[in-house]
Amino acid sequence: MNNCKLFIKFYKQQFNLNKYKAKLFSTQMLKIMDVIWMYEEGMTAKVISRLKNPDQKGEYRPDKDEIVIAADNIKSEDDFNITLVHELIHARNDLLYSKKELENEVEKEALKTYNLNPGVALFARQIYKIDYNGKN
Ligand SMILES: [Zn+2]
């Protein structure tokens, strides 16, 4: 069993997922449990060179349950991680509440999450096996 699976098993033992889903998602930071839950629901993430909009760093595709990071627009490892968290927040918001979200609120939450708990981004990178290529 790899580390991610062990980690998921551990968290499942600690928390009741359904209770968690029901009450937790109004918090202001993305949590590792959010990432695990989305992963279990079938969310995927991948890195490509660029998106249709050449300035865009990342995209959440609700029709495909997919997050895409545009490597060509990523400037640093921190940028990569914050972009990933940002898109994961879009995905969580979409999957859990269909309220209209404001782009600056999503970015604020992404920065706060990454500053206070960078492990969320690192965990998501590990679980989705995506890496910052360091070229930019
Ligand atoms: Zn956004």
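A short reminder: the numbers here are calculations on the coordinates, not readings from a lab. This structure is a prediction, so every number in the text was calculated from the model and none was measured. No Cβ is skipped: glycine too gets one built from the backbone with ideal geometry, and neighbour counts run over all protein chains shown.
Taking each residue as 0.36 nm, the span from E40 to N104 lengthens on full extension beyond its C-alpha to C-alpha distance by 20.3 nm. Note on the chain: helix-only mean residue ellipticity at 222 nm, from DSSP H runs of 4+ residues weighted -39500 (n - 2.57) and normalised by residue number, equals -16500 deg cm²/dmol. At a Förster distance of 35 Å, what's the computed FRET efficiency of D63 paired with Q13, Cβ-Cβ distance as r, to 0.05? So the FRET efficiency works out to roughly 0.55.
With the highest mean first, a sort of the peptides 3-10, 49-56 on other beta-carbon atoms found within 10 angstrom per residue produces 3-10, 49-56.
Among the chymotrypsin sites (Phe, Trp or Tyr not before Pro) in region 68-136, those located in a DSSP loop and surrounded by at most 13 other Cβ atoms within 10 Å of their own Cβ are Y97.
Net charge in the neighbourhood of R125 (other residues with Cβ under 14 Å of its Cβ; Lys, Arg +1, Asp, Glu -1) is -3. Structure shown: which of K57/K112; K5/K31; K5/K100; K52/K112 lie over 24 Å apart, alpha-carbon to alpha-carbon? Too far apart for the 24 Å limit: K5/K100; K52/K112.
Run the paramagnetic zone check for L6: 7 angstrom along Cα to Cβ, then residues of region 107-130 with backbone nitrogen under 20 Å. Residues passing the 20 Å test: 119-130.
So what is the diffusion coefficient of the chain in µm² per second by Stokes-Einstein at 10 °C and 1.306 mPa s, using a Kirkwood Rh over Cα pairs? Translational D for this selection: 104 µm²/s.
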